[in-house]
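Okay, structure first, notes after.
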Amino acid sequence: MKIFMEIRRVPAILGIAVAAALLVSAPAASAQRLGGHRGGGMRPPPPVKQPVTPRRQVLEKQFRQQTEAVVKEKLHLNDDQVSRLRSVNANIGAQRNSLLQQERSVRSDLRDEMAKGSTADQSKVSQLMAQAHDLQGKRFELQQDEQQQLSGFMTPVQVAQYVGLQAQIRQYIRQQKQGGEPDVPNP
C-alpha cells in the first residue's frame, strides 16, 4: 500500500510528467477548441503533428530518468531488472500508443456517425462497434503480455506495485490535465 502514497513524495516527477503530457495534448486540445466539436456536425481538422522540440525531448528524458529512479528504489530493483524494465516499456509503450490512437479514431468516427441520428449508417455503426471491441481486446492482451514479460524478472509483488504506481501516475496526470485536484490520500 505504501507504493500508492509515492505520488505525494515525487512532485518533481509528476511536474515533469504533467508538463510532458500537456505538451503532447496541447495541439489536440486547441484543435478541438477551434472546431467547437462535441459530437455533432463536422469534425474539426486533425491536429497538426508538431515536431518534437528539444525542450520536450529534455522533459521526456528527465521524466523517464526520474521515474526509473523512483521505481528502482521503491520496488528494490537491481540494475539488470531496471534495464529489462526499460526494454519492456519501450516495446509495450509503442504498441499501447498505437492501440490508443486507433481507439480514439474509431470512437471519433462512431460519435460522428451517431450524431447523424436516424440517418446514421447501421452497417457502419456496427462495423465501428466491432472495431472498438476488437481494439479493447487487443489492449487487454497487451496488458497481459506486459505483465507476463515483467514476471520474467520481477516478483509478483513487484509487478503489482509497478502496475499500481503506473495507474496512479496516469490518474494524477489525467486530473491535472482536467484542472482537478488529485485524488491521492494523505500519508
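The values are calculated or read from the model by the stated rules, or taken from the named source; none is laboratory data. If you're wondering where the values come from, they're calculated on a predicted model, not measured in any experiment. Every residue, glycine as well, gets a Cβ built from its backbone with ideal geometry; the counts of neighbours run over all protein chains shown.
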Are any of the residues in the range 99-108 of a type in the set (S, T, N, Q), surrounded by fewer than 17 Cβ atoms within 10 Å (Cβ to Cβ) and either touching a residue at least 60 places away in the same chain (Cβ under 8 Å) or in a loop (DSSP other than H, G, I, E, B) (or both)?
-> yes
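So that you can scan it fast, the table gives a plain yes or no per residue for (1) loosely packed, with under 11 Cβ neighbours inside 10 Å; (2) in contact (Cβ under 8 Å) with a residue 24 or more places away in the chain:
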residue: Asn78; (1), (2): yes, no
residue: Glu113; (1), (2): no, no
residue: Leu135; (1), (2): no, yes
residue: Gln144; (1), (2): yes, no
residue: Ala160; (1), (2): no, no
residue: Val163; (1), (2): no, no
residue: Ile173; (1), (2): no, yes
residue: Gln176; (1), (2): no, yes
Can you find even one residue in the range 149-158 that is touching a Phe, Trp or Tyr at 6+ places or on another chain (Cβ under 9 Å) and under 30 Å from Lys61 (Cβ atoms)?
-> yes
Out of all the residues in the range 79-90, is one or more at pLDDT 90 or above and either over 23 Å from Gln143 (Cα atoms) or not in a helix (DSSP H, G or I) (or both)?
-> yes
Out of all the residues in the range 124-145, which are farther than 17 Å from Val88 by Cβ and of a type in the set (Lys, Arg)?
-> Lys124, Lys138
Within the range 40-50, is there a residue that is of a type in the set (S, T, N, Q) and either modelled with pLDDT of 90 or more or buried (at least 16 other Cβ atoms within 10 Å of the Cβ) (or both)?
-> no
Out of Arg84, Arg104, report the one residue that is under 21 Å from the mean Cα position of the chain (by Cα) and more than 18 Å from Ser151 (Cβ to Cβ).
-> Arg104
In the range 96-138, what count of residues is obtained for those that are touching a Leu at 6+ places or on another chain (Cβ under 8 Å) and either at pLDDT 95 or above or of a type in the set (Val, Ile, Thr) (or both)?
-> 13
